[in-house]
1. Taking the stretch 158-211 only, how many residues are among the small types (G, A, S) and touching a residue at least 60 places away in the same chain (Cβ under 8 Å)?
2. Quick check on this structure: which one of P305, P321 is in the same structural domain as A370 (by TED's automatic domain parsing) and within 14 Å of T227 (Cα to Cα)?
3. Which one of these is touching a residue at least 24 places away in the same chain (Cβ under 8 Å), within 19 Å of L173 (Cβ to Cβ), among the charged types (D, E, K, R) and surrounded by 18 or more Cβ atoms within 10 Å (Cβ to Cβ): R245, R315?
4. Take the residues of the stretch 252-265 that are under 20 Å from the mean Cα position of the chain (by Cα) and touching a residue at least 60 places away in the same chain (Cβ under 8 Å): which is nearest to P291 (Cα to Cα)?
5. Assigned by TED's automatic domain parsing to the domain that holds T252 and within 21 Å of T141 (Cα to Cα) - does that describe any residue in the stretch 284-293?
6. When you scan the stretch 69-83, how many residues do you find that are surrounded by fewer than 18 Cβ atoms within 10 Å (Cβ to Cβ) and farther than 18 Å from A39 by Cα?
Amino acid sequence: MEYANMSNMNHSPYEGWRDWLAQLADQPKMQTLVAQTGAEEGWWSDESIWQQEYGRFTPHDQPSATLLYETAEPPQKLCLIECFVEQPTITSHQTRRYHPDLGWLRFTRFPHDPTLPGLQTVLQMPGQAHVVRYRPHKRCTIRFTHPENGRIIFAKLFTDNRGAQIHTESIQLWEAAKANLLDFQVAPPIRWDEPTHTLWQGFVPGKPVLPTLKSKDGPQLAKRMGTAVASTTTSPLSPTITFTRQDQMKRTQKYIRKLSQHLPNLAPALNHLCHLLQSWHDTLPQRPLRPIHGAPHAHQWLQTPNQLGLVDFDRLAWGEPELDVATFITEIDFEDWSRFPGAAVNRHFIQGYETIAGPLDKQILALYCAHKRLAKALKAAYAIRPYGDLQAERHLGRALTLAASLDF
C-alpha cells in the first residue's frame, strides 16, 4: 500500500509561512545580517564569513524559529538568532532588530546561555577551545586541544545532572574495552563536574567512517561495524536505564502529538500510523533485553587502519538489539547514495551484527525502522525550509508503508 499526497485535500499550515521560511533559508542574506548586526554591536568584524549550523521552526511557540550561526573560519564565533512576532526582551549579551521581511529578531552572542551557566567557566580551561556541537538551551560539546602536547579532551555541558550517570557508565565502558570485551574503542572517562554540569572525556582516535562506507569498501566496513556494535549485547555492561518497546511507543506517541500540532492536516495519517504501530506492539513477542548503544548511527563511528571507535553512549540501555540495527540502517537510507547503494551497506551490517548477537527478529526490526522514519518526519517539519511539510509527509508515507507491510 502506498501513502502519497496525504495532505492534498487539506490546506497545509505551511502556506502562510513559505515565503518567510524561504527568507530564513536564504544563506547569503542571513550571513550578511549576522555579520552586520554583530559589527554594529562591536561583537566582531563584518568581514567574518558565517554559516548556519542549526535551525528549528516552531510556528506555534515564541520564538517561532531558532537559528545558530558560526564562523566558517577561525577564530570561531557563534551567534543565536531567535524570531519573534512581538518585540522581544533582551539582556546585556543580546541585541534585537526589526527586519521588514522577517519580523523581530533577537541576536545572542555565544557563550551567553542562562540554561548552561557553566559555559563561561568551562571555556576558561587551559587549551584551545572549539565548539563541536551546540544546541541552545540544551547541551554544548567543546573540544580542548593542549597548546604544547596536542592532547585532546572533550567537555559536554548539560542543563542538569544527567551527565553524572553517563560518567558512571563510561567507566564501565572503558573497563570493558580495556578487557577486550568490546570490539571498539571508547572515550576514556575523566570526571563529572557537578558545579558546571560538565562531563569530561578523552579522545577516541580515528576519522569519520562515512566516506569509506560510500566507497567500494563500504560493505566490508559495515560488516565490521555490525560485528563491533553487537559486542555490547554479549558484554558484562549493566546500563542504568531500560528502554523497552513500550518506551519506544511512548516516545513515538509524543512525536505524533508534536507533529499533529505542527501539521494538523497530517493528523489522520498520523493517527493511523499510531494504530498500526500499536498493533505491532500488541502482537509481536517480547524478547530478552540486552545492553545496547541506543543510537549507533554512522556519524557516531570513527576508524583507524586497525580499529573502530564508537562515541556518545548517552542512550546506553537495556533494550532490544533490533533498535540499534534499525537506527543504523534507517539513517543510512537517508544518506546520499548517488554512486554506491546503501542497501549493500545495510545488508552487510546486519550480517556482521547477527554473527555476534544471533538472529534478529525481522518483524521487530521493521517496527523500529517505522518508528525511526516517523522521528525523521518530525525533524523535517522542524527544519528551516519552505517545503519542510512536504518532506515530513514523504517520511511519514514511508513509515506508513513500512508499518502496513505486516498483516495481522
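1. Keep residues of the stretch 158-211 that are among the small types (G, A, S), which gives 163-164, 170, 176-177, 179, 187, 202, 206.
Adding the requirement that they be touching a residue at least 60 places away in the same chain (Cβ under 8 Å) leaves 170, 176, 187, 206.
Total satisfying the criteria: 4.
2. The conditions single out P321.
3. Working: R245 fails: within 19 Å of L173 (Cβ to Cβ).
Being touching a residue at least 24 places away in the same chain (Cβ under 8 Å), within 19 Å of L173 (Cβ to Cβ), among the charged types (D, E, K, R) and surrounded by 18 or more Cβ atoms within 10 Å (Cβ to Cβ) holds for just one of R245, R315, which is R315.
4. Here is the first cut: in the stretch 252-265, the ones under 20 Å from the mean Cα position of the chain (by Cα) are 252-259, 262.
In the following step, the residues that additionally are touching a residue at least 60 places away in the same chain (Cβ under 8 Å) were identified as 252, 255-256, 258-259, 262.
Working: T252: 21, Y255: 25, I256: 27, K258: 30, L259: 31, H262: 35 Å.
It comes out as T252.
5. Quick first cut of the stretch 284-293, residues assigned by TED's automatic domain parsing to the domain that holds T252 only: 284-293.
Going one step further and asking which of them are within 21 Å of T141 (Cα to Cα), we end up with 293.
Yes.
6. Of the residues in the stretch 69-83, 0 are surrounded by fewer than 18 Cβ atoms within 10 Å (Cβ to Cβ) and farther than 18 Å from A39 by Cα.
Residues checked against (1) outside the structural domain of H197 (by TED's automatic domain parsing); (2) farther than 24 Å from Y14 by Cα; (3) modelled with pLDDT of 95 or more:
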| site | (1), (2), (3) |
| --- | --- |
| T37 | yes, yes, yes |
| S48 | yes, yes, no |
| E70 | yes, yes, yes |
| I81 | yes, no, yes |
| T89 | yes, yes, yes |
| H99 | yes, no, yes |
| P126 | no, yes, no |
| P136 | no, yes, yes |
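Residue-wise test of (1) in a strand (DSSP E or B); (2) hydroxyl-bearing (S, T, Y); (3) touching a residue at least 60 places away in the same chain (Cβ under 8 Å); (4) in contact with a Gly (Cβ under 9 Å, 6 or more places away or on another chain).
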residue	(1), (2), (3), (4)
Q36	no, no, no, no
W44	no, no, no, yes
E53	yes, no, yes, no
P59	no, no, yes, yes
E73	no, no, no, no
L80	yes, no, no, no
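The values are calculated or read from the model by the stated rules, or taken from the named source; none is laboratory data. Given the structure is predicted, the values throughout are model-derived calculations rather than measurements. Here Cβ is always computed from backbone atoms with ideal geometry, including for glycine, and neighbour counts include all displayed protein chains.
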